[in-house]
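A short write-up of the structure that comes next.
The numbers here are math on the coordinates, done by the rules we state, and not lab data. Note that this is a predicted model, so its numbers are computed, not measured. Please note: Cβ atoms are built from the backbone with ideal geometry, for glycine as well, and neighbour counts cover all protein chains shown.
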Amino acid sequence: MKTNQFIELALDQARAAGERGEVPIGAVLVIDGAVVAASGNRTRELNDVTAHAEVAVIRMACEALGQERLTGADLYVTLEPCTMCAAAISFARIRRLYYGAEDPKGGAVDNGVRFYRQPTCHHAPEVYSGLQETTSADILRTFFAQKRDMP
């Protein structure tokens, strides 16, 4: 698969999360061109504030591979990761991070704390932003607009 196909799979996961009532963010973890894990947010479903899409796929991939590090893995996510997810990505030693829309309020990669630029960060992935940025942002905007319009 090509890079854009992986972000499309992440968008599918985001849409599915939104249909479940979760904030519509999706992630896909890839190693050697093969999808190892895919998920959307599951915080409400699992009553777990750490069940963000990124953390979910990291957990799934580590379990599937029987290891705690994901060296050589690429992560595709529809929204700029928050500080918690940026840290998990670093600790898992993910090689590359591809994300869609920036998150000026909660993002921690190119906004906020800029986690990977801190001297205390032990591993920083290569970061590529803006993949399907408009679509990623539109999914989120539509979800929250519908929430505001609900009685």
Task: Charge dipole of the chain about the Cα centre (unit charges at C-beta), most positive-ward option of L131, T83, P119 - done: P119
Open item on the list: Whole percent per 5 Å bin, from 0 to the bin with the longest distance: what is P(r) over all C-alpha pairs of the chain?
Closed with: 2, 11, 21, 24, 22, 13, 5, 2, 1, 0
TODO: Using a 10 Å Cβ count of at most 11 others and DSSP loop calls, identify the longest part of the chain lacking such trypsin sites (Lys or Arg not before Pro).
DONE: 3-104
Task: Angle between the chain longest axis and helix 133-149 axis [Cα atoms, degrees, rounded to 10] - done: 40
Open item on the list: Above 20 Å lies some portion of the pair distances; for region 1-71, what is it as a whole percent of all C-alpha pairs?
Closed with: 27
Task: Modelled FRET efficiency - R0 22 Å, D12 with K147, Cβ distances, 0.05 increments - done: 0.60
TODO: Would you mind checking which residues have amide H under 5 Å from S129's amide H? H placed 1.01 Å from N; only 5 or more apart, or other chain.
DONE: Y99
- [ ] Could I get the Rg over Rh figure for region 80-151? Both from C-alpha atoms, Rh via Kirkwood, rounded to two places.
- [x] 1.07
TODO: Work out from phi, with θ = phi - 60° and the Karplus expression 6.51 cos²θ - 1.76 cosθ + 1.60, the ³J(HN,Hα) of each residue of region 37-48, listed in order in whole Hz, and give x for Gly and Pro.
DONE: 7, 8, 6, x, 4, 9, 4, 6, 4, 9, 6, 9
Open item on the list: Please give me, ordered by residue number, the GluC sites (Glu not before Pro) of region 1-83 that lie in loop per DSSP and have at most 12 other Cβ atoms within 10 Å.
Closed with: E68
- [ ] Report the extension gain between D32 and V127 in nm, rounded to one decimal, defined as 0.36 nm multiplied by the number of residues separating them, less their alpha carbon distance.
- [x] 32.4 nm
- [ ] With everything on Cα atoms, drop me the angle between helix 3-19 and the longest principal axis of the chain, reported from 0 to 90° to the nearest 10.
- [x] 40
Open item on the list: Among I25, I89, I139, which one shows the highest mean-square fluctuation when the chain is modelled as a Gaussian network with alpha-carbon springs under 10 Å?
Closed with: I139
Open item on the list: Please report the net charge: other residues with Cβ closer than 13 Å to the Cβ of L29, K and R +1, D and E -1.
Closed with: +1
